[in-house]
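One structure below.
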Amino acid sequence: MSSVETAAPVDDAPADRRYRGILWRQYRAETGLLLKRRRNMILLAVLAVVPIVIGVAVKVSNPGGGEGPEFLSRITGNGLFLVFTAITVAIPFFLPLVVGVVAGDSIAGEAGLGTLRYLLTVPVSRGRVLTVKTLAVATFTGVAVLVVALAGLVIGAILFGMHALVLLSGDTVGVGDALLRTVGVVVYVTIALFGLAAGGLFISSLTENAIAAMAGTVGIVILSALLNAVPQLTGIHPALLTHNWLGYGELLRRSISFSDLARWTSLHLAYAAIFLTLAWSRMTSKDVTS
């Protein structure tokens, strides 16, 4: 298919005024569409249920130390640990599934419905379409992580209260410091999942079948987890997408290794950069036939 041609206006000044902020308006529209879509709202609601179920279960059973995730036995002493436990439980399956569904559907869904071809003839450049969708999917990824964190924070405060936080290193920090560390956890997990979201955008650009794109995106997580579980492949484990997803535990120690956090974050961003480059290459050369 021939590339969509965008005619350049003769008078640049009126064009600048006309298109000033157009990227922001398109981003708001795309993000609003993602957040208001009933399927995505249901997915976010499911994420919010995760910390509720964990909090109620812990309140009823009052588990002893050593059971379940590392944070589980600490929830009864401080509701803040419900946030960390909920994220720990959600990040292997629930969060990747939600991100995979949204990212996989982002381009393939529109191609399958025929709206992508219409959008490209408005005219809107393919690079702008990919940029807007990338920003919107990144925002949704952050919202998904934030939903888990906020639900855990509210339920934890109601059921167990908010107190000074005893870190994994045994040191104690005030509530303000603990909340700041919680924000850091949310940011770290969002960046980690954005690497997956970028992979979903790339796979979504390869097909007009949204279901296949969603499955392919989730398949990235499954493949990475399988490789990470093979002891003979220890040498490649640090380079796998999912290997350092739980690295936010470093933020719950007195002496934080910022060099490790920077290295892990750089890896996630490198995955995102590679996938987005591939998606851009595909988007600028693909035939949009429907």
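What the table below lists for this structure:
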| item | result |
| --- | --- |
| Some residue of segment 146-163 being closer than 30 Å to M283 by Cβ, modelled with pLDDT of 95 or more and part of a helix (DSSP H, G or I) | yes |
| Candidate set from segment 13-38 (those that are at pLDDT 80 or above and either polar (S, T, N, Q) or exposed (fewer than 11 other Cβ atoms within 10 Å of the Cβ) (or both)); member that is nearest to the chain's Cα centre (by Cα) | T31 |
| Criterion violated by V183 - all others in (1) surrounded by 22 or more Cβ atoms within 10 Å (Cβ to Cβ); (2) at pLDDT 95 or above satisfied | (1) |
| Candidates S3, S73 - the one that is closer than 30 Å to E250 by Cβ and either of a type outside the set (K, R) or at pLDDT 95 or above (or both) | S73 |
| Residue identified as part of a helix (DSSP H, G or I), farther than 24 Å from L135 by Cβ and within 18 Å of the chain's Cα centre (by Cα) among A272, A213, A225, A279 | A225 |
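The values are calculated or read from the model by the stated rules, or taken from the named source; none is laboratory data. Everything quoted here is computed from the prediction, not taken from an experiment. Counting neighbours? That spans all protein chains shown, and the Cβs are built from the backbone with ideal geometry, glycine included.
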